[in-house]
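Quick note: the coordinates plus some simple rules give every number you see, no bench work behind them. Given the structure is predicted, the values throughout are model-derived calculations rather than measurements. As a convention, Cβ positions derive from the backbone with ideal geometry for all residues, glycine included, and neighbour counts pool all protein chains shown.
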Amino acid sequence: MPSANSTRTPWWAWTWPVLALVVLGAHTTSPSVPIAAAEAFALLATVFAAVYHAEVIAHRVGEPFGSLILALAVTIIEVALIVSMMITGGTETAGLARDTVFAAVMIVCNGIFGLCLLAGGVRHREQSFHFQGAQAALSVLIALTTLTLIFPNVTSTVAGPTFSSSQLVFAAIVSLILYGSFLFVQTVRHRDYFLPAGGGEEAHALPPTNRIAFVSAGLLLVSLVAVVALAKALTPMLERGIAAVGAPRSVVGIVIAGLVLLPEGLAAYRAATANRLQTSMNLALGSVLATIGLTIPAVASVAMLLGRPLTLGLDAKEELLLAVTLIVCLLTIGTGRTTVLQGIVHLVLFAVFLFFAAVP
């Protein structure tokens, strides 16, 4: 993906969202294979366009606000996809939010982390970052995942793995409080914890002009709308394909999380290979915190409004994998320096997640 520092918007950054709207106009209830393939391509291309425009705005406002904008853009896409599927689906979508949030945690904390640490370690041997910032983000992540994905299995008001209405409201409020507190620390109280150590190339790159930033803001909005509409159109075909190959229904959540995190994962990878591991940490941890802190309240509100069941509790195998992942993350950030070894460990855990998702 070209740099977001250019003085003009590249052709593909506005062409792909327009193409997505054109393809949407040709959508039918039962699209043909060529139409479905065009929709899938337009969806993926528009996701990249959306993240490019978020990067332009992010570079204009600087760190750590830039990483925050990227995380929020990705989360808006994810929440919109889940909510649209909940509205159009039935009781079979009760576990979709849980599957997507858990998949996002595994993709970020093992897949993206592992790839960034491995690539950065291969190129730069050791990389450093602000330990305080990573520790703050991880402490919030542990609290959020425990509250939203583990507690539903152990409460007694209603049989797990669900919350009662009052418990669901409480979990949504606490999630917003935790995420809001993290944002306050990241952007105001201890902003220096999340700034790149020693500056780096970002400090010397000229930010885009206000005109380019405003154009990207408008195109970002168009891209987000197009992504949500295309994903909603392709959802029935995706579910039929997963059922045809006999894969577990939780794979739908992995596909959603992987789709929306792919461009941001590439941005984190580029930062790590450029020896800007702090930016990678901001992108990765910021996105997963936004995923939980904003997705759970959103889907909880929709579930209560529509009277739909909402399953949040993980099964025993997933709980164990989550616990191992969080422990390894704590050890990884423990010294503020990383090598290829941590990257390999995280990637192995990611492979474990994917294997047992396909072969439960």
query = With each run of n ≥ 4 DSSP H residues scored as -39500 (n - 2.57), what mean residue ellipticity at 222 nm is computed for the chain after dividing by its residue count and rounding to the nearest 500 deg cm²/dmol?
reply = -24000 deg cm²/dmol
message = Can you list the DSSP H helices in the chain whose Cα atoms extend at least 20 Å along the helix axis and whose mean Kyte-Doolittle hydropathy is 1.0 or higher?
response = 11-25, 33-61, 65-88, 131-145, 165-184, 210-244, 251-273, 277-306, 316-332, 340-358
remark   = Between Q132 and W11, the two model label points (7 Å from Cα along the beta-carbon direction) sit apart by a distance in nm of 4.9 nm
